[in-house]
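What follows is one structure encoded as structure tokens, with my remarks underneath.
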Amino acid sequence: MKIGIISFAHMHANSYAAALNKHKEAELAGIWDANSERGQARANEFQSTFYASLDELLTSNIDAVIICSENVNHREHVIKAAEYQKHILCEKPIATELSDAIDMIQACEQHQVTLQVAYPVRFSEPIQEMNAMIGSGEIGDILAVNATNHGQMPGGWFVEKDQSGGGAATDHIVHLMDLLRWTLKDEVASVYAEFDQRFYDIEVEDCGLVQLEMESGTIVTIDPSWSRPKSFPTWGDVTLEIVGTKGVLSVDALKQHSVLYNDEINRIERKSWAADMDELLVDDFIDCVKTGRAPFTSGEDGLRTLEVVKAAYQSDQEKQSIKLNRISY
């Protein structure tokens, strides 16, 4: 299967490219990037072909694309790829606006191509085990969840609102919401959120807290802050403490690591020995294109998580709880 990558603006593009080069049934057949210098460099690094024109890449004999452009450009790139009948794995969040997400989903349905949204944390082994335990009823009915997705401040276009759509809330809420919707088989009823800039002098929020009430009555709190310092041994974390009627489950999606005290670079590092979530995501995408099955993380999953982000921003602006009304499309 021949797959192209549209943009290396998002850092995950590098791990997706590496995963494609490892896959026995896939080939990284082409790269396009609006930044031609970056695109050519990545093409050289991953032994692929750089296309100066996106249309030229999409008219080549590739079967699918992975889109890692700036969030605001997802709509344009997904719709164009769909029009060329290429299957699509799109980096999260699906879009910066709900209307754009709907346009993207409808375009992919119209042209009968797969649209998968990149939520690799579902593939984490601790998260998979958590899902199985909750699904089996091992900890009973879920009463409350306290979740974090902390990270280092990424800089670049991530902190430019016109390119990213927002800061830490846009970047990190979606991962946790995807896990909660998938694991709890539940949807959000209401959202209350407060955001601020406390760590960096940037135009978007770098910290905040979100409180959700699910339709089942489960209460959820999320801390999506970019609060990890530059010296932190990894980019951040994904943790959940789940309170059930039969027990409490504490989960760390990135727990499978060793600690290296590295005197050569004078810092502490975490060296993961877990299965590569990005690689598993790419493997799943290739399989769903090959077999024609539905993707594990769909366009609708992307839309539903974006709805929560938008409600959180509205709550922060209006200083009140927002009832979530899911969009039909």
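Hey, could you check the range 171-204 for residues that are more than 16 Å from residue 225 (Cβ to Cβ) and of a type in the set (Ser, Thr, Tyr) and say which is nearest to the chain's Cα centre (by Cα)?
So the residue we want is 183.
Go through the range 5-23 and count every residue that is among the hydroxyl-bearing types (Ser, Thr, Tyr), crowded, with 21+ Cβ neighbours inside 10 Å and either at pLDDT below 95 or over 16 Å from residue 86 (Cα atoms) (or both).
Total satisfying the criteria: 1.
Scan the range 128-135 and give yes if some residue there is surrounded by 17 or more Cβ atoms within 10 Å (Cβ to Cβ) and either under 27 Å from residue 73 (Cα atoms) or of a type in the set (Phe, Trp, Tyr) (or both), otherwise no.
No, that holds for no residue.
Check every one of the strands (runs of 3 or more DSSP E) wholly within the range 213-329 and list those with 3 or more residues that are touching an Asp or Glu at 6+ places or on another chain (Cβ under 9 Å) and more than 18 Å from residue 176 (Cβ to Cβ). Don't jump to the end; show me each part of the working.
Working: elements: 219-223, 239-244, 248-252, 257-262, 267-272.
Ranges flagged: 257-262.
Please go through the range 128-168 and give me each residue that is among the hydrophobic types (A, V, I, L, M, F, W, C) and either touching an Asp or Glu at 6+ places or on another chain (Cβ under 6 Å) or in a loop (DSSP other than H, G, I, E, B) (or both), ordered by number.
139, 153, 157, 168
I need the full set of residues from the range 169-212 which are part of a loop (DSSP other than H, G, I, E, B) and under 22 Å from residue 243 (Cβ atoms), in order please.
185, 186, 187 - these are the residues of the range 169-212 that are part of a loop (DSSP other than H, G, I, E, B) and under 22 Å from residue 243 (Cβ atoms).
Within the range 57-106, restricting attention to residues that are of a type in the set (S, T, N, Q) and assigned to a loop (DSSP other than H, G, I, E, B), which residue is least open to solvent (accessible area, probe 1.4 Å)?
We begin by selecting, within the range 57-106, every residue of a type in the set (S, T, N, Q); these are 59-61, 69, 71, 73, 85, 96, 99, 106.
The next check asks that each one be assigned to a loop (DSSP other than H, G, I, E, B); those that pass are 59-61, 69, 85, 96.
Details: 59: 93, 60: 24, 61: 106, 69: 0, 85: 110, 96: 17 Å².
For the range 57-106, the residue satisfying everything is 69.
Go through the residues of the range 33-46 one by one and say whether even a single one is among the aliphatic types (A, V, I, L, M) and more than 30 Å from residue 153 (Cα to Cα). Show your work before the answer.
Pass one, the range 33-46, residues among the aliphatic types (A, V, I, L, M): 34, 41, 43.
If we keep only those that are more than 30 Å from residue 153 (Cα to Cα) as well, we get none.
No - not one qualifying residue is present in the range 33-46.
Out of all the residues in the range 107-127, which are assigned to a helix (DSSP H, G or I), of a type in the set (A, V, I, L, M, F, W, C), closer than 22 Å to residue 240 by Cα and in contact with a strand residue (DSSP E or B) (Cβ under 9 Å, 6 or more places away or on another chain)?
127
What are the residues in the range 24-48 that are surrounded by fewer than 16 Cβ atoms within 10 Å (Cβ to Cβ) and assigned to a loop (DSSP other than H, G, I, E, B), if any?
Selection gives 24, 25, 34, 35, 47.
Hey, can you tell me all the residues within the range 254-311 that are among the acidic types (Asp, Glu), at pLDDT below 95 and either crowded, with 16+ Cβ neighbours inside 10 Å or within 27 Å of residue 100 (Cβ to Cβ) (or both)?
Of the range 254-311, the ones among the acidic types (Asp, Glu) are 263-264, 269, 276, 278-279, 283-284, 287, 300-301, 307.
Checking which are at pLDDT below 95 leaves us with 263-264, 269, 276.
276 - this is the single residue of the range 254-311 that is among the acidic types (Asp, Glu), at pLDDT below 95 and either crowded, with 16+ Cβ neighbours inside 10 Å or within 27 Å of residue 100 (Cβ to Cβ) (or both).
Of the residues that sit in the range 240-253 and are open to solvent by 40 Å² or more (accessible area, probe 1.4 Å) and out of contact with any Pro (no Cβ under 7 Å at 6 or more places or on another chain), which one is farthest from residue 220 (Cα to Cα)?
The selected residue is 246.
The values are calculated or read from the model by the stated rules, or taken from the named source; none is laboratory data. Bear in mind the structure is a predicted one, so any value in this text is a computation, not a measurement. So basically every Cβ, Gly included, is an ideal-geometry build from the backbone, and we count neighbours across all protein chains shown. These area figures cover heavy atoms from the full protein model, side chains too; ligands, DNA and RNA do not enter into them. Shrake-Rupley method; radii C 1.70, N 1.55, O 1.52, S 1.80 Å.
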